[in-house]
Every structure is written in structure tokens, then in C-alpha cells.
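Inspection log for the structure reproduced underneath, given as C-alpha cells.
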Amino acid sequence: MRMIADNLYEEIIIAGFGGQGILLAGKLLAQTAMKAGKEVTYMSSYGAEVRGGTANSMVVMAENKIACPLVSEPDSLIVLNKASLNKFGPKLKKHGLLIMNSSLIDVEPQRDDSIEIVAVPADELAVELGSHRSVNMVAIGAYLQMRGDLSPDAAAEALPDVLAERYHKTLPVNAAALRKGAEFARNYGRVRT
């Protein structure tokens, strides 16, 4: 359940393959929520191969205390590849939000008609910004725009807290990717198929 008596309670799974910045995306979402005064849990998992293996992050954001950090049926699902859609798509709750990377997912997901889908060409949008590695930020920006609980600007402000200092030179392009994803969702979201 996403809202309980006007109190935020959101369970999110972010999934893709190693090297797509899945763990960073989860950390960023958790840090952004924490800086906004929300209760937060964050857990991650990745395959033994790391780069190229599977990876996922589970984030729970709430106004009140969180009883369990595990997410088995997310309110929102952000998937960056087809294998992740196949694995986690069936677990998405009714009336949930699916943000999917249409650059790598060329299938219509099997889903309940109540699910809201935003197909974001995240790879193409990241390349337009000159940074293919910012695919994760494009997807997070789209998610933030669709949910509206936190802003892409707040996420951009939290970036220095989750990016290692040696990567701070990428802060401007990652902030731009967050805004680009939000802009795409603002223009093309809210479309139920």
C-alpha cells in the first residue's frame, strides 16, 4: 500500500545488470528520502560476477517507522533490462508504477491493467547527455517525477553524499540525467496502455 492515511509508505525495487549503477541508484533514492526527513531502509543484492551479473536494490521510504526492509511486492519497480522485468515484473502490486528502460526492453510487460507504465529510452537519453553511465540517473529522475514525493533537484543535491569523491566530476552530468528523466516522464508519462 503506497499511502496510509496520508502518510507515505513506498516500497521500491530497482533492478538491472551489474555496471548499470543499480546500487548507486538505490543509495541515491535512500539518501534523498533521508535528507527529506523520511524513514528509510536500503538493501542491495548482486550476482557473483558483479559487472554483467544481476543487481537489485530495495528501498522502503515512509513517514513512520519501517518494520521490515525486505521488499517482496513493490509499489514501484524500476527495471533497466529485460531479465529484471521478467524476474520482478510479476511481483509489482496492483496500481503500482513500472519505470522500464525501453532502450533494452522491447517487450510489452505481462501485467495487471492497473499498473502504470512509463517506458523511458534511458540509454538514448543518457547518450544525448554524453554519459552512457548515467542511465540509472535518467530512470531515477523519471521515477521521482511520476511519484512526486521527492524531486529530481533534491536527488541532485544528495548526489555528493553517495558518489565517491573521485567521481564528483560526474556530478553535473548525473544531475542533468536526473532532470532529463524527469522531463521525459513529465512529457510522456501518465500513459496507460
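Any read-out appearing in this document is the output of simple, stated calculations on the displayed coordinates, not a laboratory observation. Given the structure is predicted, the values throughout are model-derived calculations rather than measurements. Virtual Cβ from ideal backbone geometry, glycine too; neighbours counted across all protein chains shown.
Between Val127 and Ala36, what is the FRET efficiency for a Förster distance of 22 Å, r being their Cβ-Cβ separation, to the nearest 0.05?
Efficiency for this residue pair is about 0.10.
Restricting to DSSP H runs of at least four residues, report the calculated mean residue ellipticity at 222 nm for the chain, -39500 (n - 2.57) per run over all residues, nearest 500 deg cm²/dmol.
Here the helix-only value at 222 nm equals -11000 deg cm²/dmol.
Check the chain and count each lysine pair with an alpha-carbon distance under 23 angstrom, considering only pairs eight or more places apart or from different chains.
20
How far apart, in nm, are the 7 Å Cα→Cβ label points at Met43 and Ala154?
For Met43 paired with Ala154, the spin-label model returns 2.4 nm.
In µm²/s, what is D for the range 80-193 at 37 °C and 0.692 mPa s, where D = kT/(6 pi eta Rh) by Stokes-Einstein and Rh is the Kirkwood radius from Cα pairs?
Values: Rh = 14.4 Å.
The calculation lands on 228 µm²/s.
Note down the nm distance, to one decimal, between modelled labels 7 Å out along Cα→Cβ at Leu70 and at Ala164.
For the pair Leu70/Ala164, the computed spacing is 3.1 nm.
Using the crude model of +1 on Lys and Arg Cβ and -1 on Asp and Glu Cβ, and no other charge, please compute the dipole size for the range 3-188 relative to its Cα centre, in debye to 20.
Numbers: 18 positive and 22 negative charges, 87 e Å.
Computed about the Cα centre, the dipole is about 420 debye.
Over the range 3-188, what is the mean sequence separation of C-alpha contacts under 8 Å (at least six apart), divided by residue count, expressed as relative contact order in percent?
On the way: 404 pairs, mean separation 37.4, N = 186.
Once divided by the residue count of the range 3-188, the mean separation gives 20 percent.
Tell me the volume per residue, in Å³, of the convex hull enclosing the alpha carbons of the chain. Don't skip to the end; give the middle numbers.
On the way: hull volume 21.0 nm³, N = 193.
Once divided by residue count, the hull of the chain is 109 Å³.
Kindly work out what percent of the DSSP beta bridges joining two residues of the chain are antiparallel, to the nearest 5.
Close to 60 percent.
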